[in-house]
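Read through the structure below, which is laid out as structure tokens, and then see the notes.
The values are calculated or read from the model by the stated rules, or taken from the named source; none is laboratory data. The model shown is predicted, which means the values in this text are computed figures rather than measured ones. Glycine gets a Cβ as well: all are built from the backbone with ideal geometry, and neighbour counts include every protein chain shown.
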Amino acid sequence: MMPAAAAPDAAPVLADGGVDHDRRVVRWRTLAALGLVLVTYHTSLWTLLRGITVDTPLAYLGLVPAVAAALGYALARPAAGEPDIHDRLVDRIVGVPLVVAALVGLVLLPARMSVVYWLWRIDLLTMPLFVAGVVALLFGTRMLWRTKAAVLFLFLAWPVPARWLVSTFLDPLADITARIVGIVVGIVPIADKVPGDVTAFQIPYGAEGFRVQVASACSGANGLVGFLLVAGAIALALDGRRRRKFLWLVSGALLVLALNVVRILLIITVGRFAGQTASVDVLHPIVGLLTFNVGVLVMVLQAHRFGLYLRMSSGPSRTRAVLAGVPRARRALVMLVPLALLGGFFDHRLTDYDPIASSVGTPRLAGFARSATRPPGFEAQVVSTFDNGRRFFGQDSVWLRYAFRGTGTPDLASDVAPLADVITTSNLQAFSDFGLEACYQFHGYDMDGVRQVDLGNGVIGTVLRWSDPNNGLRWTTLYWIWAVRQGGQIRYERVVLLLNEVDGARVVAPELTEDVAGEFALRADELVRGRSGGALTERQLQLRSFLITFGRRLVESATERSARLPIPREPGQ
């Protein structure tokens, strides 16, 4: 009589501990994959994580990596009857280019994109590519295909589309929430409406009472974004038709918004009977997280009413599926470790952007006119205004020319006053369409010595020499582009510093110091572009040293002054 065949997951433990050994191998390989991602993207992940503590609608983007990891684990089990196709050559063909592309994005793109790199958080766009490459190399392409939804879910950590959605729908959502609260308050007299302001309520407590404002932070966008992220991942792991999943998500979103109204009414009620400290200082910081968790829990418990069920642990085991396709991954791990260390080193350098923009890509600079006109030893004044640039840079653009005056500092001085042409516009693309170097070439200027330089805080400038053959004037120029906040809006500025190469003029400048890693990225980018700085005379090097040092101190002064100036808050704060 033949014994019954054992179920796939019920394989007997061998005498030498074979099954336990296999599980330990897969467990350590999983920890290695997580470690590689953490090492490579520790700064990027930390910026997301610390954003959870900020009361903005984008705060819950910090949950995306953890939710993606949990979703990947849920989807890792192979389906019954899945074709057993494994080829390590295919794994390398898929995995290596993904890892290399991610590292190129971390190492070379910051030098090419300057502050725009952080404004657009390109590092978060490269993270799913790196994760996909690691999964393909350590677990096989079959596992990558199986967990593709989790890898794609990582793209939701990219704040640019979320920032656009928030800026578009935040104010209308806040207005709707305030009107609903106003209807309830009109029925239950726990507060008084403020005439002329539908979002403000006067709470009668004590002698004078106090006022609360249903601002954008109270609109419920925080909880709504968080619910869609968490519940969206849960929906991918549930079994059921797509239409039912969509209805479940919509119902949960409406529930979260309703709970947010309850949250505001609870804050008002507590303020009515216990005062401002109890409602605003004590209850307000925690009740939002509480209602969010309640909304998610209720919808998970009610998923079966929508015909959705959690996938049962059936089918072949994860351990067998992994080791059948990738029995050994030591070579891949040996290759990935140094690449992860390299990526982690350049990822850590992204902290330089902190004074320039927030973790969700919102500018922190106050603009040239407010923050950059007084570097040490100098002061700038407007000497000219140009209107002919509006046809190139937009009707809302402003083109001002500044002249710097001052004695300078003991190590940085010049008899020739530097000039600054500053163009401010809302159209970033205009600076690419009408680039400075293309403009010089169009006017027939002789141009040479083009080279990129690091100006600090992630700002990458371009220094060059040019001369006008019609009058013989020679100039050394340094220019860069950064984003600024003006009146609550994001604007872009191109700052062009110009120094006239007057023969015999006194110029005092320190010797330039360069960061080795930064120089590597800049020179590599120049190699890709096919640029060459060319040979310069001692006088030309001195002029260039003055202008680069001047630009670095101007950037440093701008970031320091912007930190002290009142900058409009980010949407939802």
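Structure summary
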{"read-out": "Those residues of the range 161-181 which are surrounded by 18 or more Cβ atoms within 10 Å (Cβ to Cβ) and among the small types (Gly, Ala, Ser), in sequence order", "value": "ALA162, ALA174, ALA178"}
{"read-out": "Single condition ASP525 does not satisfy, out of (1) assigned to a helix (DSSP H, G or I); (2) at pLDDT 80 or above; (3) among the acidic types (Asp, Glu)", "value": "(2)"}
{"read-out": "Whichever residue in the range 506-520 is in contact with an Asp or Glu (Cβ under 9 Å, 6 or more places away or on another chain) and either more than 30 Å from GLU379 (Cβ to Cβ) or modelled with pLDDT under 85 (or both) and, among such residues, is surrounded by the most Cβ atoms within 10 Å (Cβ to Cβ)", "value": "GLY518"}
{"read-out": "Residues of the range 466-483 classified as surrounded by fewer than 21 Cβ atoms within 10 Å (Cβ to Cβ) and either acidic (Asp, Glu) or more than 24 Å from ALA430 (Cβ to Cβ) (or both), total", "value": "8"}
{"read-out": "Count - residues of the range 363-408 that are among the β-branched types (Val, Ile, Thr) and either within 33 Å of the chain's Cα centre (by Cα) or not assigned by TED's automatic domain parsing to the domain that holds VAL422 (or both)", "value": "2"}
{"read-out": "Whichever residue in the range 396-442 is hydroxyl-bearing (Ser, Thr, Tyr) and crowded, with 16+ Cβ neighbours inside 10 Å and, among such residues, is nearest to LEU464 (Cα to Cα)", "value": "TYR440"}
{"read-out": "Flag if GLY377 is at pLDDT below 90, part of a loop (DSSP other than H, G, I, E, B) and either closer than 24 Å to VAL131 by Cα or not charged (D, E, K, R) (or both)", "value": "no"}
{"read-out": "Condition met for ILE180 (in contact (Cβ under 8 Å) with a residue 40 or more places away in the chain, in a loop (DSSP other than H, G, I, E, B) and not acidic (Asp, Glu))", "value": "no"}
{"read-out": "Members of the range 384-395 that are at pLDDT 90 or above and surrounded by 11 or more Cβ atoms within 10 Å (Cβ to Cβ)", "value": "SER384, PHE386, ARG390, PHE392, PHE393, GLY394"}
{"read-out": "Options ALA157, ALA174: the member that is touching a helix residue (DSSP H, G or I) at 6+ places or on another chain (Cβ under 7 Å) and closer than 30 Å to VAL94 by Cβ", "value": "ALA157"}
{"read-out": "Verdict on THR476 being farther than 22 Å from TYR117 by Cβ and either of a type in the set (Val, Ile, Thr) or not in a strand (DSSP E or B) (or both)", "value": "yes"}
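So that you can scan it fast, the table gives a plain yes or no per residue for (1) touching a Gly at 6+ places or on another chain (Cβ under 9 Å); (2) assigned to a helix (DSSP H, G or I):
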position	(1), (2)
GLU208	no, no
LEU236	no, yes
LEU249	yes, yes
ALA258	yes, yes
